[in-house]
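*Asks:* Handing you a structure now.
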Amino acid sequence: MTIAPKVVVIDYGAGNLGSVKRAFEECGAAAVITGHPEELRQATHLVLPGVGAFNAGMSNLRRSGLDAAIKELVLQKRVQFLGICLGMQLLAAKGWEGGETDGLDLIGGEVKLLEAGTGERLPHMGWNEVEYEKSAPLFFNIPSGTDFYFVHSYHFVCRNKSESIATTPYGGGFTSAVQKENICGTQFHPEKSQKPGLQLIKNFLKS
Amino acid sequence: MLKVRVIPTMLFKNLGLVKGVGFDSWRRTGSAMQAMKVYNLREVDEIVFVDIAATTEGLAPDLATVDELADECFVPLAAGGGVRTIEDARRLLQAGADKVVVGTAAVECPGLIAQIAERFGTQCAVVAIDVKKLPGGGYEVYTRSGKQPTGLSPLALARQVERAGAGEVILTSIDRDGTMQGYDLALISQIAKAVSIPVIASGGAGNYEHMAEAVLVGGASAVAAASIFHFTEQTPLEAKKYLKGKGIAVRL
């Protein structure tokens, strides 16, 4: 018998929390929203949602002690983790939005401003392809080149290229998904990307 | 390649959806929830929802409605109407909006756009700029649902909100609104050239060719429309097929 996944959506004062919770429920998970570090312990799957600025997000995580709780659960208890948009960026060692700020440092790298190419605008806003060479379990049943929804100006620059599991052709190409063992992140919003987005969430829940 | 978005605009007033002409003569077009369900099913690229009564009647955004709609919405939702404080923005995001639309307060509340950008990220603040053509040429920004002249040019306001951290501009021609005679291409082009953030063309779409013009001639990153979807058989999906035929990248 498999146990139904218990998803905790982490509330750190910046995020489209309602949408994320709804999408996980649609995929058959029980989901709660909480900002209390001790309540994170019930989770089989932790989700750190997006929408926000790096420095503000990080200081909110620190103030409430969520940063330490996330690190403990993810590194020691090996709880499955998905960061979405800003939630993915916060996995980095360092970010530059709102000034140089230390991140959670769960995946090596930095978060820098995208450089828009000719005819491109910033923020990178809308639907764009997510491409990969080698399919990760997160992309099961999702063909390379599928459009996902993005809203961001900054991007994750991985220190270890093998932890960049998908890229998107904008601003010269950037990492749009990362994974290191039980820790995943997507720059795009699966909760807002309709069928492929819900498929990705289902894939994450199976991990 | 980044896709051009086709965005249905939902204007909300007194518990239902409405659509007017020139920001006036509002007609009821039905239930917001019904429309949301249809748009979600049809996988539109994004939805803009504005409570147009909120600012003019001095109310906060209708959070209960946004909350209910967001529950049915797996597409990106930009919501606004009556947003005057960072707390209004936070509540909208918590209710399920992905982006916050600020109109009147972008003019009347200095610092609000910068606050939203700082707290929720540069991508989160969408500024609605409503514009009337001046009799002697040129353009003027109007607030309070088209009632209040501001003396500001859309060019100046667009640049100002971009500097403050706005992520996107919804540029609406009040003169073209509801006429279905086509977007004000000169206006769109002027603003799209002046800023480097995305510009959503709004006001006047009557057919798919108007949308293609807004992108190809005006330089818009997205096209918003309401009447065409409320009052004709034309749909966002067919619009995108048409745009694709014109060589415009869309999501199908």
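*Asks:* Taking the Cβ of each residue in B:K13, A:K77, B:K133 as the centre, tally the other Cβ atoms inside 10 Å and list the residues starting with the fewest. Before the final figure, lay out the partial values.
*Replies:* Values: B:K13 21, A:K77 11, B:K133 16.
Going from sparsest to densest Cβ surroundings: A:K77, B:K133, B:K13.
*Asks:* If we sort A:18-29, A:178-189 on the protection proxy, mean other Cβ atoms within 10 Å, highest first, what's the order? Working shown, then result.
*Replies:* On the way: A:18-29: 21.3, A:178-189: 24.1.
Going from most to least packed, we get A:178-189, A:18-29.
*Asks:* From the backbone phi of region A:94-108, what are the Karplus-calculated ³J(HN,Hα) couplings (6.51 cos²θ - 1.76 cosθ + 1.60, θ = phi - 60°) in whole Hz, Gly and Pro given as x?
*Replies:* Each residue's phi maps through the Karplus curve to give 7, x, 10, 6, x, x, 4, 9, 6, x, 6, 6, 9, 10, x Hz.
*Asks:* Now for a different question. Along region A:182-191, what does the Karplus equation 6.51 cos²θ - 1.76 cosθ + 1.60 (θ = phi - 60°) give for ³J(HN,Hα), rounded to whole Hz, x for Gly and Pro?
*Replies:* Working through the residues one at a time gives 7, 10, 10, x, 10, 6, 7, 9, x, 5 Hz.
*Asks:* Over region A:6-206, what lengths in whole Å, largest first, do the semi-axes of the equivalent ellipsoid take, defined as the square roots of 5 times the eigenvalues of the alpha-carbon gyration tensor? Write down the numbers at each step before the final one.
*Replies:* On the way: eigenvalues 109, 78, 46 Å².
Listed largest to smallest, the semi-axes of region A:6-206 are 23, 20, 15 Å.
*Asks:* PRE reach from A:E120 (point 7 Å along Cα→Cβ): which of region B:109-126 fall under 17 Å by backbone N?
*Replies:* Taking a point 7 Å out along Cα→Cβ of A:E120, the residues of region B:109-126 whose backbone N falls under 17 Å are B:123.
*Asks:* Taking amide H positions as placed 1.01 Å from N in the peptide plane, with prolines and chain starts having none, which residues 5 or more places from B:A225, or on another chain, fall under 5 Å of its amide H?
*Replies:* B:I7, B:T9
*Asks:* Considering every residue in B:216-223, what mean count of other chain Cβ atoms within 10 Å of its Cβ is obtained?
*Replies:* Details: counts 0, 0, 0, 2, 0, 4, 2, 0.
For peptide B:216-223, the averaged partner shielding equals 1.
*Asks:* Please name whichever of B:L155, B:F120, B:G81 sits farthest to the positive end of the charge dipole of chain B, dipole taken about the Cα centre and charges placed at Cβ: Lys and Arg +1, Asp and Glu -1.
*Replies:* B:L155
*Asks:* Of the beta bridges DSSP finds with both residues in region B:5-245, what % are antiparallel, to the nearest 5? Walk me through the numbers before you get to the answer.
*Replies:* Numbers: 13 of 43 bridges.
Bridges in region B:5-245 are about 30 percent antiparallel.
*Asks:* Let me know the charge dipole size of region A:6-206 about its Cα centre in debye, to the nearest 20, where only the beta-carbon of Lys, Arg (+1) and Asp, Glu (-1) is charged.
*Replies:* Details: 20 positive and 21 negative charges, 91 e Å.
In total the dipole reaches around 440 debye.
*Asks:* Restricted to Cα positions, what overall size does region B:116-236 have along the principal axes? Three whole-Å values, descending.
*Replies:* Reported extents, whole Å, longest axis first: 42, 34, 26.
*Asks:* For chain B, what is the relative contact order in percent, using Cα pairs closer than 8 Å and at least 6 residues apart in sequence? Intermediate values should be presented prior to the final figure.
*Replies:* On the way: 573 pairs, mean separation 46.5, N = 252.
With pairs under 8 Å counted, the relative contact order is 18 percent.
*Asks:* While we're looking at this one, here's another question. So who's got an amide H within less than 5 Å of the one on B:G20, skipping anything under 5 residues away but keeping other chains? H placed 1.01 Å off N, in plane.
*Replies:* The list, which skips near neighbours in sequence, is B:R27.
*Asks:* Could you calculate the contour length gain from B:N14 to B:K37, that is, 0.36 nm times the residue separation minus the distance between their Cα atoms, to one decimal place in nm?
*Replies:* Values: separation 23, 0.36 × 23 = 8.28 nm, distance 1.95 nm.
So the extension gain works out to 6.3 nm.
*Asks:* Residue-wise, which Karplus ³J(HN,Hα) couplings in Hz belong to region A:60-70, taking 6.51 cos²θ - 1.76 cosθ + 1.60, θ = phi - 60°, and x for glycine or proline?
*Replies:* Karplus values, whole Hz, x for Gly and Pro: 5, 4, 5, 4, 9, x, 5, 4, 5, 4, 4.
*Asks:* Would you mind giving the three semi-axes, in whole Å and largest first, of the ellipsoid equivalent to the protein assembly as shown according to its Cα gyration tensor?
*Replies:* On the way: eigenvalues 254, 96, 91 Å².
Sorted largest first and rounded, they come to 36, 22, 21 Å.
*Asks:* While we're here: Return the distance in nm (one decimal) between the two label points of a simple spin-label model at B:S153 and A:E38, each offset 7 Å from Cα along Cα→Cβ.
*Replies:* Here the answer is 6.1 nm between the modelled labels.
*Asks:* Here's a follow-up. Name the residues whose placed amide hydrogens come within less than 5 Å of the amide hydrogen of A:G103, ignoring near sequence neighbours (fewer than 5 apart) on the same chain.
*Replies:* Residues meeting the criterion, in which the H sits 1.01 Å from N, are A:K94, A:G95.
*Asks:* Still on this structure, please answer the following. With a 10 Å Cβ neighbour count serving as the proxy for reagent exposure, in which order, fewest first, do B:M33, B:M10 appear?
*Replies:* Working: B:M33 15, B:M10 24.
So the ranking, lowest neighbour count to highest, is B:M33, B:M10.
*Asks:* Mean separation of Cα pairs under 8 Å and 6+ residues apart, divided by the residue count of chain A: what relative contact order is that in percent?
*Replies:* Values: 478 pairs, mean separation 40.4, N = 207.
Across chain A, relative contact order equals 20 percent.
*Asks:* Could you please rank A:L75, A:L48, A:L205, placing first whichever residue has the fewest other Cβ atoms within 10 Å of its Cβ? Present the calculation step by step, with values, prior to reporting the outcome.
*Replies:* Values: A:L75 14, A:L48 28, A:L205 18.
Result, fewest neighbours first: A:L75, A:L205, A:L48.
*Asks:* Mind checking the alpha-carbon convex hull of region B:5-245 and giving the volume per residue in Å³? Write out the running numbers ahead of the final one.
*Replies:* On the way: hull volume 26.0 nm³, N = 241.
Per-residue hull volume (Cα only) is 108 Å³.
Each reported figure results from applying straightforward, stated rules to the coordinates on display, with no laboratory input. All values derive from a computational prediction rather than experimental measurement. A quick note on method: Cβ atoms are made from the backbone with ideal geometry, for glycine too, and the neighbour counts reach across all protein chains shown.
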